[in-house]
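Quick notes on the structure that follows.
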């Protein structure tokens, strides 16, 4: 596309405008169709700065959207959309109202762009599909289903319920981990404060009396000197390692797969991750199949919401088995991620034609196990915290009190 500057006279005054066209003749025809005035001259020019600036703004706006939407504002917008659709309000008005009332910037911008696509004649399902990365695979699938079946308001509410369930599980885990995180943080701050401010005082006192410090105190002083000399380098190293880990992990390559594999082997974290992801997979798969989504597509969507690469690869074998003509039970068995009891439940549901009721029971089974683990997470972590706290206090006690007792002996001499 080329840019042309057109100079023309209107009402006795000379004006100019910029037109875009593939050819000069087409630009002249475009000018004549607008009836702006008498043509004086038309010249091809480079892309105007204002156009470049607008394109840059659009790229920056698009880049700002390329991240996952927080679930809370997204769920609130879906609830509002569902209520208005239930009330019989037109789709365009519904989206206009959601855009006007949504406070979260990214969510508002995404709904604004979806509204524009709908006004341009695009289907709502395809409009949501354009934001699969930001809104997730589940959103596009359920919205498309509602559009095809004529139950859009019902499916929007169902989507909000699914996302709310996932969000509640995440909130529950974060709440359970808050207390151990605070304890460990306080311990680290206390430890650094003691060895930086308290322990060095003993060193000066013992040097004055030309006496040797006890070994625990020497150990604390060694740590203090190391932190004083290399603290900035240590901090820079930690920040660099975290940044490199984040970068390579987000590339979703071999490194991510390796990290995700080892995460599942960690004490407690691995068990929580496995139960969370497996329960999420069953929950979404059940909701989708119950809504009328074909099994193959439901398995693919449920698989795509799994964040752990190792588990994602294991769950992928279920869909592959179905595509090869095997039963769902054989697929679940081949994944090697489900207990024999769960396999038997899936088999019973598949053979009796009551798969969804059985999936509800499987989902409830994983949900209860996950909730039990999260609710009692402090009980599982307490032994580790006690050992670390005991070691921390013992080292501090020996490092501080031994010099005080030795100081008394030195002064007696």
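The values are calculated or read from the model by the stated rules, or taken from the named source; none is laboratory data. Predicted model only: the values in this text are computed from it and were never measured. Virtual Cβ from ideal backbone geometry, glycine too; neighbours counted across all protein chains shown.
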**Asked** Taking helices (runs of 4 or more DSSP H) that do not extend beyond segment 186-304, which have at least 2 residues that are under 28 Å from residue 132 (Cα atoms)?
**Response** 215-250, 254-263, 269-290, 295-304
**Asked** Any chance segment 315-322 includes a residue that's within 23 Å of residue 170 (Cβ to Cβ) and part of a helix (DSSP H, G or I)?
**Response** yes
**Prompt:** Limited to segment 150-164, what total is found for residues that are within 22 Å of the chain's Cα centre (by Cα) and surrounded by fewer than 17 Cβ atoms within 10 Å (Cβ to Cβ)?
**Reply:** 2
**Request:** For segment 226-256, name all the residues that are in contact (Cβ under 8 Å) with a residue 24 or more places away in the chain, loosely packed, with under 15 Cβ neighbours inside 10 Å and within 17 Å of the chain's Cα centre (by Cα).
**Result:** 252
**Request:** Grab the helices (runs of 4 or more DSSP H) fully contained in segment 335-413, keeping just those with 2 or more residues being under 29 Å from residue 199 (Cβ atoms) and modelled with pLDDT under 90.
**Result:** 377-412
**Asked** Is it true that some residue in segment 105-123 is within 25 Å of the chain's Cα centre (by Cα), farther than 23 Å from residue 158 by Cα, modelled with pLDDT under 85 and outside any helix (DSSP H, G or I)?
**Response** no
**Message:** Checking the conditions here, which among 53, 60 is in a helix (DSSP H, G or I), at pLDDT 70 or above and loosely packed, with under 11 Cβ neighbours inside 10 Å?
**Reply:** 53
**Request:** Please find, among 214, 200, 180, the residue that is at pLDDT below 80, within 29 Å of residue 278 (Cα to Cα) and outside the structural domain of residue 78 (by TED's automatic domain parsing).
**Result:** 180
**Message:** For segment 8-17, which positions are more than 14 Å from residue 39 (Cβ to Cβ) and part of a strand (DSSP E or B)?
**Reply:** 13
**Complete:** From the option list 273, 261, 317, single residue qualifying as at pLDDT 90 or above and either within 20 Å of residue 371 (Cβ to Cβ) or over 21 Å from the mean Cα position of the chain (by Cα) (or both) is 317
**Request:** For segment 124-138, enumerate the residues that are without any contact (Cβ under 8 Å) to a residue 24 or more places away in the chain and either in a helix (DSSP H, G or I) or over 20 Å from residue 301 (Cα atoms) (or both).
**Result:** 125, 126, 127, 128, 129, 132
**Message:** Being at pLDDT below 90 and more than 19 Å from the chain's Cα centre (by Cα): is that true of residue 304 here?
**Reply:** no
**Item:** Filtered residues of segment 89-104 (kept if without any contact (Cβ under 8 Å) to a residue 24 or more places away in the chain and in a helix (DSSP H, G or I))
**Value:** 93, 94, 95, 96, 97, 98, 99, 100, 101
